[in-house]
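Undergrad: Just passing along the structure, written as structure tokens.
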Amino acid sequence: MPNSTSKLFSLALSFSIVGLLCTSTGAASSAPAVSASSSTKAAKSTFRPTIQPAFEKKIFRGSISADVASGEEQLLTANYKDASAYFWKALNKNSKDTAALCGLGFSQALQFQLDNAEQQFSKALKVKPQDPLAHVGMAFVTLSRLQTSSTTVLKQRDSMLSRALAECTTALKAEPKMSEALLVQGLVQKEQGKFDAANASFTRSIASNPNFSAPYAHRGMISLVKNNPSAAISDFEEAIRIRSSNSTAHYGLGKAFLKLGQLDKAYTELNTAIALNRNSAPSHIAMGDVLQQQGNSVAAVKEFKAAIAIKAESEEAYLKLADVMQSRGDMEFAVADLRSGLEIKPNNIDLHRRLGDILLNSGKLDDAIKEYNTVLQMSPGDVASVDGMTQGLTLKAQKEASGAFFVSNNFEAAERTIQRAISMNPNNMQLRLADAKLRAISGKPIDLSTVGTPVNDPQRIAYAEACLAQFKFDDAKQSMATVIGNCQNAKDAFAVGDMALMIRDLDSAESAYNKAGSFGGADVTSRSQRGLAAVSSARTKAQQDLTMATDLAKKSQFASGLDKFRSAAYLNPRLSQAHLGLAQTLEKFEKKQSPALREASLHFKAYLALEPGLPEKEREKISKRADKCLEIAYKIDSGHPPSKLSAFLSPVGNLGRKVGEQIKEALTD
């Protein structure tokens, strides 16, 4: 199941379960009270938060006692405690009254007294083994148990869903057109990822009872996930027409409008959903999205925090909070929010991956790589984490003061991880580009034409990174320009700008931040200016380091000069003199170290790539020095380093070759 789909349906399950046959987002009495946000307060003037009813107009079929009828009336109006009292009264008169047992079971289940509820449904089935309402009740209790954060329960998720589906099947054998059984069957199928089957169940439920609000709302959720907002809106509006207090439908309608960018309409619907049930974490998260897109990040943060106060396991709320903090430049707060989420859900892949992204952007490379490796241990084929890991390793290699990184255990482990991911996703271009990038920074020859042509923006960004690792700056610039041109809003442009800044593609970062600023808005302008300031700062610092490195090299302080040249080349990879100075210093100062010589060769080549107008003789000279560094490195690795005598005679040999070439030219003339 795609990640975003899993998230939306886990939220939908929260809606479905608490209010059962879906007129609600939950029984407010069972959820912890939280302070209302400003948007919720505004909605109070029109809507009064209430406990939502769980059923439509009738629950029981056939003849029932007066006490059961009174209990049914209370159950239909969500007065669950009073309903329980009437059902107990009926059972005191007849302990085998299946209608009373089922009514009591639903009353208790809707108050989250799940063990007690299961006992009542079990008693009803002992009296009447094929009772359809009792089987639906058992399915409902099983679904309700999945709301827990207990890993013991969640490990049994698949088997529990299978049991719930079996209960629905039994109910439908007894009563094939039972709309409630068809609805719960659809909810189970939806949780199993069987979207087409769930859609069919909801459609059958609607056909059985066209005035049943719930299945319209849940069919709308499926349409929303399938990126069909128009169909979703139609179903949500019909659900609301049948029952205006269906907060699930208002939530879904708000999500649909949000998807279409109709923020005012989304705000109105989500306000209604929150007013009907202020203890709905999904509604607060969606409202936070709306407010953030409207530029009100302060109110958005309040909504995300309200969602966490209601349900601490709401990982999406932590992710959204981190996004807001990152957009403000508050990286430490973003990290803190994600770590808080991981305290509650330590094995959540999305939280670990996002934490890796934030740490990577903050320059905390080792910590970022650790988070990506955590994800890859749980999900070896996770493309985004492989990409993040290779970005971290690339930046680490560029930043560290020794080319020995390339023969380290980190590099070997990274290669194995990437190859494992590729074996699981053999046709994934981003993984092949990640492999190419890692091989390129190790000095191995790479032919990017064999990888393929990027066809989407994530692939183009990965391609640009691989090009940068090979110092193919023009190709990287062209690929990033296409990505920036495709950005249709400030959020996307900022994401590209942040990525370009992280990989030190300063020209592309500047272009992306300028485009983001063109979309307007106070928060957008401020964010754009911060990004452009970061680009300018990197350029200034790189130039300062280059100036200092040049002075140190002139004074033969090679060790200190080496660090400054490397820093300058890292901060601004398009600073050609930094690459040349780094290569020359490595060639002189570490001439007996094969990793250093290979690194020197790479930087000589980077200098040539950045200076296309270099005179031919100078270009040839630098190219030969690059080749010579590789030749000496190979001899050192082979156990045959050049002797002092051969090094002494090398200039004579070069002079002899030049004299011979001149004599040959003279004779030819």
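Undergrad: Within segment 565-580, can you find the residues that are open to solvent by less than 30 Å² (accessible area, probe 1.4 Å) and either polar (S, T, N, Q) or touching a strand residue (DSSP E or B) at 6+ places or on another chain (Cβ under 7 Å) (or both)?
TA: Within segment 565-580, N572, S576 qualify.
Undergrad: While we're here: Go over the candidates R598, R619 one by one and state the one that is outside any loop (DSSP other than H, G, I, E, B), touching a residue at least 60 places away in the same chain (Cβ under 8 Å) and either closer than 22 Å to Q470 by Cβ or not charged (D, E, K, R) (or both). Reasoning before the result, please.
TA: Numbers: R619 fails: touching a residue at least 60 places away in the same chain (Cβ under 8 Å).
Only one candidate passes the filter, namely R598.
Undergrad: Given the conditions (1) touching a residue at least 40 places away in the same chain (Cβ under 8 Å); (2) closer than 24 Å to L342 by Cβ; (3) under 22 Å from the mean Cα position of the chain (by Cα), report the number of the one that A286 does not fulfil.
TA: Evaluating A286 over (1) touching a residue at least 40 places away in the same chain (Cβ under 8 Å); (2) closer than 24 Å to L342 by Cβ; (3) under 22 Å from the mean Cα position of the chain (by Cα) leaves (1) as the failure.
Undergrad: Right, another one. Please pick out the residue among A181, A164 that is crowded, with 18+ Cβ neighbours inside 10 Å and over 25 Å from P210 (Cβ atoms).
TA: After applying the criteria, what remains is A164.
Undergrad: (1) hydroxyl-bearing (S, T, Y); (2) touching a helix residue (DSSP H, G or I) at 6+ places or on another chain (Cβ under 7 Å); (3) at pLDDT below 85: which one isn't true of Y463, the others all being true?
TA: (3) is the only condition that Y463 fails.
Undergrad: Now for a separate question. Scan segment 91-128 residue by residue and report those that are in a helix (DSSP H, G or I) and open to solvent by 40 Å² or more (accessible area, probe 1.4 Å).
TA: First, the residues of segment 91-128 that are in a helix (DSSP H, G or I): 91-93, 98-109, 114-127.
Scanning segment 91-128 gives N92, K93, D115, N116, E118, Q119, S122, K123, K126, V127.
Undergrad: Which residues, counting only those in segment 330-351, are closer than 29 Å to L438 by Cα, open to solvent by less than 60 Å² (accessible area, probe 1.4 Å) and in contact (Cβ under 8 Å) with a residue 24 or more places away in the chain?
TA: Matches in segment 330-351: M331, A334, V335, N348, I349, D350, L351.
Undergrad: Shifting gears a bit: Answer with yes or no whether G193 is crowded, with 18+ Cβ neighbours inside 10 Å, more than 22 Å from D131 (Cα to Cα) and under 26 Å from the mean Cα position of the chain (by Cα). Outline the logic, then answer.
TA: Details: crowded, with 18+ Cβ neighbours inside 10 Å: no; more than 22 Å from D131 (Cα to Cα): yes; under 26 Å from the mean Cα position of the chain (by Cα): yes.
It is false that G193 is crowded, with 18+ Cβ neighbours inside 10 Å, more than 22 Å from D131 (Cα to Cα) and under 26 Å from the mean Cα position of the chain (by Cα).
Undergrad: Could you tell me whether A312 is in a helix (DSSP H, G or I), farther than 23 Å from N227 by Cβ, open to solvent by 20 Å² or more (accessible area, probe 1.4 Å) and of a type in the set (A, V, I, L, M)?
TA: no
Undergrad: For segment 319-348, give me each residue that is modelled with pLDDT under 90, within 18 Å of K302 (Cα to Cα) and within 16 Å of the chain's Cα centre (by Cα).
TA: Result: Q326, S327.
Undergrad: While we're here: Tell me which of these F304 doesn't satisfy, since it passes every other one: (1) crowded, with 22+ Cβ neighbours inside 10 Å; (2) within 26 Å of F202 (Cβ to Cβ); (3) without any contact (Cβ under 8 Å) to a residue 40 or more places away in the chain; (4) not β-branched (V, I, T).
TA: With respect to (1) crowded, with 22+ Cβ neighbours inside 10 Å; (2) within 26 Å of F202 (Cβ to Cβ); (3) without any contact (Cβ under 8 Å) to a residue 40 or more places away in the chain; (4) not β-branched (V, I, T), F304 is out only on (2).
Undergrad: A further question on this structure: Out of the residues in segment 129-140 that are open to solvent by 10 Å² or more (accessible area, probe 1.4 Å) and in contact (Cβ under 8 Å) with a residue 12 or more places away in the chain, which is farthest from E180 (Cα to Cα)? First the steps, then the outcome.
TA: Taking segment 129-140 and keeping what is open to solvent by 10 Å² or more (accessible area, probe 1.4 Å), we get 129-133, 135, 138.
Next cut, in contact (Cβ under 8 Å) with a residue 12 or more places away in the chain only: 130-133, 135, 138.
Values: Q130: 16, D131: 13, P132: 10, L133: 8, H135: 11, M138: 13 Å.
Result: Q130.
Undergrad: Moving to a separate point now. F87 versus (1) open to solvent by less than 30 Å² (accessible area, probe 1.4 Å); (2) aromatic (F, W, Y); (3) over 24 Å from L143 (Cα atoms): which is the lone unmet condition?
TA: It fails just one condition, (3).
Undergrad: Mind counting the residues in segment 251-285 that are in a loop (DSSP other than H, G, I, E, B), over 16 Å from E237 (Cβ atoms) and open to solvent by 10 Å² or more (accessible area, probe 1.4 Å)? First the steps, then the outcome.
TA: Quick first cut of segment 251-285, residues in a loop (DSSP other than H, G, I, E, B) only: 260-262, 277-280.
With the extra rule that they be over 16 Å from E237 (Cβ atoms), the set shrinks to 261, 277-280.
Applying the additional criterion that residues be open to solvent by 10 Å² or more (accessible area, probe 1.4 Å) yields 261, 278-279.
The number of residues fulfilling the criteria is 3.
The values are calculated or read from the model by the stated rules, or taken from the named source; none is laboratory data. Quick caveat, the model's predicted, so the values are computed rather than measured. Using ideal geometry, Cβ is built from the backbone for each residue, glycine included, and neighbour counts are taken over all protein chains shown. Areas reflect the complete protein model, heavy atoms only, side chains present, ligands, DNA and RNA absent. Shrake-Rupley method; radii C 1.70, N 1.55, O 1.52, S 1.80 Å.
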